[in-house]
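Please read the structure below before turning to the comments.
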């Protein structure tokens, strides 16, 4: 709702101050939506579809970007103020769509358990995982995992305790590194400086640049969906390593092509890949930190990269590719893989043990657990 109101405010702006204020409000609304939306999906999606669902959540950025690029390309020749008012107004359309869907969505089962609404929680788990069958063994297994883990985590950690606790500290470091890497591997260069990049490559016509931007976002959407499929099959860590290696090679090639062909109006091929989102059970503090780093690095990069591109040109891409090697090494050494685990089972990767005595859901599905675990489900 905040984003919708801000979009209307931006479209009706009478001066720069009003326009900038609307942009700030939109930024606040979208950030809050991303934090709450990703947490909701992680807590509500079936355990075996969580990676795929969260990856597609990130991919939806390119649906909005493609819409924005198309509307902007279609409106930039309008001679009146509607050249910018129309794209501003369209921003609110997605917000209205989301609001219309909210009444039909179930509540997070983990939030329901935390609020003491156990019956509602198991009903949601049954709807999401077993077509409404509350007697399903996997549903009751997950319900017991949630109850025991939330009981253990009933008292929230302070910031100081989170830094001192080894498992929580590792979660925060990985979360922060994910935010930094997702922006600094080349995202800022491609996303916010396409105009300057194309100018260096010899494409200076505004209409052509906008058309290239449409194609870039369309290609990014396709690539990101393919990346999401791979992430679901092989895991976020594996996808992150491949993505970082790929974008490193692309940046170095982009720098070389810009150097040799920039003066002959050659438009270098630009491709991007979605950086696999690191998935784990995270507190609101961690998600807020993630969003803060994303925004802070984005602001700094928006100021720094244009200056750097003007100063050293194609060397920016090569230097960016150089520090990506360090990012690759960090992901390889420090990140952990969470594919095929429920949020409660992920605790063992960080804390050394789960906070529930139930077996892993994946092991049960694969038949690696004997039948004795079922007796514990009779008294959830």
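The values are calculated or read from the model by the stated rules, or taken from the named source; none is laboratory data. Being a predicted model, the structure only gives us computed values, none of them experimental. When we count neighbours, we look across all protein chains shown, and the Cβ atoms used for this are built from the backbone with ideal geometry, even at glycine.
Rundown of residues vs (1) over 24 Å from the mean Cα position of the chain (by Cα); (2) outside any loop (DSSP other than H, G, I, E, B); (3) at negative phi, yes/no style:
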| site | (1), (2), (3) |
| --- | --- |
| 308 | yes, yes, yes |
| 311 | yes, yes, yes |
| 328 | no, yes, yes |
| 336 | no, no, yes |
| 348 | no, yes, yes |
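Would you list the helices (runs of 4 or more DSSP H) that sit entirely within segment 4-114 and hold 3 or more residues that are under 28 Å from residue 220 (Cα atoms) and not assigned by TED's automatic domain parsing to the domain that holds residue 134?
16-44, 50-75, 82-101
In the set 26, 63, which member is surrounded by fewer than 17 Cβ atoms within 10 Å (Cβ to Cβ) and touching a helix residue (DSSP H, G or I) at 6+ places or on another chain (Cβ under 8 Å)? Full working, then the answer.
On the way: 26 fails: surrounded by fewer than 17 Cβ atoms within 10 Å (Cβ to Cβ).
Testing whether each residue is surrounded by fewer than 17 Cβ atoms within 10 Å (Cβ to Cβ) and touching a helix residue (DSSP H, G or I) at 6+ places or on another chain (Cβ under 8 Å) leaves just 63.
Tally up the residues in segment 23-55 that are over 30 Å from residue 233 (Cα atoms) and free of Cβ contacts under 8 Å to residues at least 24 places away in the same chain, please.
Residues in segment 23-55 being over 30 Å from residue 233 (Cα atoms) and free of Cβ contacts under 8 Å to residues at least 24 places away in the same chain: 3 in total.
Residue under question is residue 260, and the condition is that it be at pLDDT below 65, out of contact with any strand residue (DSSP E or B) (no Cβ under 7 Å at 6 or more places or on another chain) and in a helix (DSSP H, G or I); does it hold? It would help to see each step written out before you state the result.
Values: at pLDDT below 65: yes; out of contact with any strand residue (DSSP E or B) (no Cβ under 7 Å at 6 or more places or on another chain): yes; in a helix (DSSP H, G or I): yes.
Considered against the rule, which asks whether it is at pLDDT below 65, out of contact with any strand residue (DSSP E or B) (no Cβ under 7 Å at 6 or more places or on another chain) and in a helix (DSSP H, G or I), residue 260 comes out as yes.
Out of all the residues in segment 198-224, which are at pLDDT below 80, out of contact with any helix residue (DSSP H, G or I) (no Cβ under 7 Å at 6 or more places or on another chain) and either part of a helix (DSSP H, G or I) or at positive phi (or both)?
Residues satisfying the conditions are 199, 206, 207, 208, 219, 223.
Give 91, 127, 142 a once-over and let me know the one that is in contact with a helix residue (DSSP H, G or I) (Cβ under 9 Å, 6 or more places away or on another chain) and either at pLDDT below 85 or over 30 Å from residue 19 (Cα atoms) (or both). Lay out the reasoning, then the answer.
Numbers: 91 fails: either at pLDDT below 85 or over 30 Å from residue 19 (Cα atoms) (or both); 127 fails: in contact with a helix residue (DSSP H, G or I) (Cβ under 9 Å, 6 or more places away or on another chain).
Answer to the check: 142.
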